[in-house]
Amino acid sequence: MDALAGREIVLGVTGGVAAYKAADLCSRLVQSGARVSVVMTAASRRFIGATTFEALTNRPVHLRRFRPQEHRLGEHIGLARRAELLIVAPATAATLARFACGLADDLLSTLYLAFTGPVLVAPAMNCEMWAKRAVQRNVAVLREDGVHFAEPGIGWLSCGLQGAGRMAEPAEILQRIHEILPTRST
């Protein structure tokens, strides 16, 4: 039996071309027996549809902070209390900045602040953005705060450049999840 079987995981999907990899990651998590809830930012929906994640998880996708029919205290509270792990893949520069600064201006950033378990982010952005000192400062703050990273890869980027910034492959992220998520005692 897979160590992820029956585990509650929230997958945050932010706006970037790498959002298509989040569908593959979601599928792998579900195939491993995890129960996955997906939170999508408004920007992510410009790259991939909520219907894809609903089909993969057989659960509604969470788009707004307050949907009282599901969590009367707000999605950020209900999801935070239910989940054992928060994964953000892809994690854009804007999302990393929101998290590092403690901003809570959408469901995902509000959920991040309410969540008390382990957080794993998989950054994805242009190599020039990834190298920017401001982004690296935010990464350093998040590491200091205990956030785990699935490091971006080096290779061909959708902007036509080659360099660091590619979102880690779903198999690599899955490996990091196994390293981070505490093992359940039987």
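The values are calculated or read from the model by the stated rules, or taken from the named source; none is laboratory data. Since we're looking at a predicted model, the values are computed, not measured. Note that we place each Cβ from the backbone using ideal geometry, even for glycine, and neighbour counts take in every protein chain shown.
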request  = Scan the range 3-43 for residues that are of a type in the set (Ser, Thr, Tyr) and either touching a residue at least 60 places away in the same chain (Cβ under 8 Å) or over 18 Å from Phe115 (Cβ atoms) (or both) and jot them down.
outcome  = Thr14, Tyr20, Ser27, Ser32, Thr41
message = Please verify whether Pro90 is in contact with a Pro (Cβ under 9 Å, 6 or more places away or on another chain) and modelled with pLDDT of 95 or more, treating the condition exactly as stated.
response = yes
task = Can you confirm whether the range 144-153 contains a residue that is at pLDDT 90 or above, in contact with a Phe, Trp or Tyr (Cβ under 9 Å, 6 or more places away or on another chain), under 15 Å from Lys21 (Cα atoms) and assigned to a loop (DSSP other than H, G, I, E, B)?
result = yes
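Let's see how each residue does on (1) modelled with pLDDT of 90 or more; (2) of a type in the set (Gly, Ala, Ser); (3) under 21 Å from Ala83 (Cα atoms):
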{"site": "Ala114", "(1), (2), (3)": "yes, yes, yes"}
{"site": "Ala122", "(1), (2), (3)": "yes, yes, yes"}
{"site": "Leu157", "(1), (2), (3)": "no, no, no"}
{"site": "Glu169", "(1), (2), (3)": "yes, no, no"}
Gly102 touching a Phe, Trp or Tyr at 6+ places or on another chain (Cβ under 8 Å) and on the phi > 0 side of the Ramachandran plot = no
Residue check, Ser109 exposed (fewer than 14 other Cβ atoms within 10 Å of the Cβ), closer than 25 Å to Val17 by Cβ and among the hydroxyl-bearing types (Ser, Thr, Tyr) = no
request  = Looking only at the range 133-142, count how many residues are out of contact with any Phe, Trp or Tyr (no Cβ under 7 Å at 6 or more places or on another chain) and closer than 18 Å to Arg176 by Cα.
outcome  = 1
request  = Go through Ala55, Ala97 for me and flag whichever is surrounded by fewer than 21 Cβ atoms within 10 Å (Cβ to Cβ), in contact with a helix residue (DSSP H, G or I) (Cβ under 6 Å, 6 or more places away or on another chain) and at pLDDT 95 or above.
outcome  = Ala97
query = Assuming Glu75 fulfils every condition listed in (1) modelled with pLDDT under 90; (2) out of contact with any strand residue (DSSP E or B) (no Cβ under 6 Å at 6 or more places or on another chain); (3) of a type in the set (D, E, K, R) apart from one, which condition is it?
reply = (2)
message = Among (1) of a type in the set (A, V, I, L, M, F, W, C); (2) touching a Gly at 6+ places or on another chain (Cβ under 7 Å); (3) modelled with pLDDT of 95 or more; (4) farther than 22 Å from Val139 by Cβ, there is one condition Phe66 misses while meeting the rest; what is its number?
response = (3)
